[in-house]
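As structure tokens, the structure follows; a few thoughts come after it.
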Amino acid sequence: MTPVRRQSYMELALVEARAAEARGEVPIGAVIVAADGAVIARAGNRTRELPDPTAHAEIVAIRSACTALGAERLEGCDLYVTLEPCPMCAAAISFARIRRLYFGAGDPKSGGVEHGARIFNQPTCHHAPEIYGGLCETEAALLLRTFFAQRRV
């Protein structure tokens, strides 16, 4: 897969993040792509809308992709998400057997991949995806900073 294509998938995740923001959600978006390059799920945060604290973009996208494929595992699929997944989402990514994880901005406060719990580095983790951080990082981070700055005014 070419870098241009990876960036275009992350741009779709950013579209989902902006849609989440328009619904009053924290602007995080996720896209799941099959091995053949087909987008099989797109989602943004829906924790307030549903109300469900587990309705993070990654979880919603994983559920949608599993339904679309009629499978409990997403082997061979890649996940693009605008923010480093939290520990809950990282565990779900492991359980779903996601092949590769691409994320935009790192999350020193609540991340579970490169920060915090580092779920995929734990000896009890049964599956760790390939991890690629920093894809469209500037735009993803700016979207989040702007969202939270507006909330603090």
First check a/c for segment 59-145, with a ≥ b ≥ c the square roots of the eigenvalues of its C-alpha gyration tensor; if it is under 1.5, answer rounded, and if not, answer prolate when a/b is larger than b/c or oblate otherwise. oblate
How big is the dipole moment of the chain about its Cα centre under a simple scheme where the beta carbon of each Lys and Arg is +1, that of each Asp and Glu is -1, and everything else is neutral? Debye, nearest 20, please. 200 debye
Considering Cα pairs under 8 angstrom that are at least six residues apart, work out the relative contact order of the chain and quote it in whole percent. 19 percent
With all protein chains present, the chain has a carbon and sulfur share of its accessible area (1.4 Å probe) in percent of 54 percent
What residue among A92, I32, C77 has its Cα farthest toward the positive end of the dipole of the chain, where the charges are +1 on Lys, Arg and -1 on Asp, Glu, each on the Cβ? A92
Grab the eigenvalues of the alpha-carbon gyration tensor for segment 1-88, scale each by 5, take roots, and send me the semi-axes largest first in whole angstrom. 20, 16, 10
For the chain, report the accessible area per residue in Å² (1.4 Å probe, heavy atoms, rounded to an integer). 50 Å²
Can you give the Rg to Rh ratio for the chain, taking only C-alpha atoms and Rh from Kirkwood? 0.94
In the full protein assembly as shown, how much of S8 is accessible to a 1.4 Å probe, in Å² to the nearest 10? 50 Å²
Can you tell me the 0 to 90 degree angle between the C-alpha axis of helix 3-22 and the longest principal axis of the chain, rounded to 10? 50 degrees
Quick check on the chain: of the DSSP beta bridges with both residues there, what percent are antiparallel, nearest 5%? 50 percent
Dipole of the chain (Lys/Arg Cβ +1, Asp/Glu Cβ -1, origin at the Cα centre): which of A19, A68, L101 lies farthest to the positive side? A19
Helix-only CD estimate at 222 nm, as mean residue ellipticity for the chain, using -39500 (n - 2.57) per DSSP H run (n ≥ 4): -12500 deg cm²/dmol
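The values are calculated or read from the model by the stated rules, or taken from the named source; none is laboratory data. As the structure is a prediction and not an experimental result, all values here were calculated from the model. Glycine gets a Cβ as well: all are built from the backbone with ideal geometry, and neighbour counts include every protein chain shown. Accessible surface is based on the protein model in full, side chains and every heavy atom, while ligands, DNA and RNA are left aside. Shrake-Rupley method; radii C 1.70, N 1.55, O 1.52, S 1.80 Å.
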